[in-house]
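Note sheet for the following structure.
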Amino acid sequence: MNIYVDFDDCLCETALYFSGLAKELFGVDVPYKDIRYFDLKKSFSLTDEQYEYMMIEGHRPEILMSYEETSGAVETVNAWLNEGHDVSVITGRPYVAYEASRTWLDKHGLDRVKMYCLNKYGRDAFIKNSEFNLEIDDYLKMNFDLAVEDSPSAFSFFEHLPNLKVLVFDRPWNRDHKFPGENYHRCRDWTEIRKLTN
């Protein structure tokens, strides 16, 4: 299989960190379990300036390297690779986060996965013709059999793949979201994800 895996809140606990960061920077106390929207600006009721500052702080290399692995992620991805599957991490992180993100993967035992930055959310000043940045047109030429994703905002990136099986990693911000089709399945953790791919 060709497998798409999102980075933040699938491989690592990004929103948990941002919940603490919003409190530290702005005194905004929204616990992780109460993050209702993938859009953290909306979830934390931030101004444009506050949100931009928080995203800069949260994407500093030393901070990216500190994110905790989501339990079971590395074990499952490596099992897929050992079985001969092709795994690509397709992240919406900005290109400036590439090196630290690649290092995080390598240090957590995921040195065999490919990683690409895709401007999923219109945040990035995009670098064209880079080996690790995907333009939308190039991404749409890729084919996947399985995807692991937490963000409802990213579901539109699967519309060109009608037979794709999408495993939605259960998070507070996607629990009220209606899935686009029967090929979407909610998974509470990587154990469930692994069972659905055996």
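Judged by the mean number of other Cβ atoms found within 10 Å, the most tightly packed of the peptides 47-55, 108-116 leads the ranking 108-116, 47-55.
Listed peptides 86-92, 37-43 appear in the order 86-92, 37-43 once ranked by packing, highest mean of other Cβ atoms within 10 Å at the front.
Where only DSSP H runs of four or more residues are counted, the chain gives -8500 deg cm²/dmol as its mean residue ellipticity at 222 nm, each run worth -39500 (n - 2.57).
Fewest-first ordering of Lys178, Lys141 by other beta carbons within 10 Å of each residue's beta carbon gives Lys178, Lys141. Counting lysine pairs in the chain that sit 8 or more residues apart in sequence, or on different chains, and whose Cα atoms lie under 19 Å apart gives 15. A simple packing score, the average count of other Cβ atoms within 10 Å per residue, orders the peptides 163-175, 72-84 as 163-175, 72-84, with the highest score first. Using Cα atoms only, what is the angle between the long axis of helix 98-107 and the major principal axis of the chain, expressed in degrees (0 to 90) to the nearest 10? So the inclination is approximately 60 degrees. Across segment 38-115, the mean sequence separation of Cα contacts (distance under 8 Å, 6 or more residues apart), normalised by length, yields a relative contact order of 32 percent.
Look at where the Cα atoms of segment 68-84 and of segment 143-168 average out, and the two centres are 19 Å apart.
Here, each number is a calculation from the coordinates, and none is a lab measurement. All figures in this text were calculated on a predicted structure; none of them were measured in a lab. Positions of Cβ are backbone-derived with ideal geometry, glycine not excepted, and every protein chain shown enters the neighbour counts.
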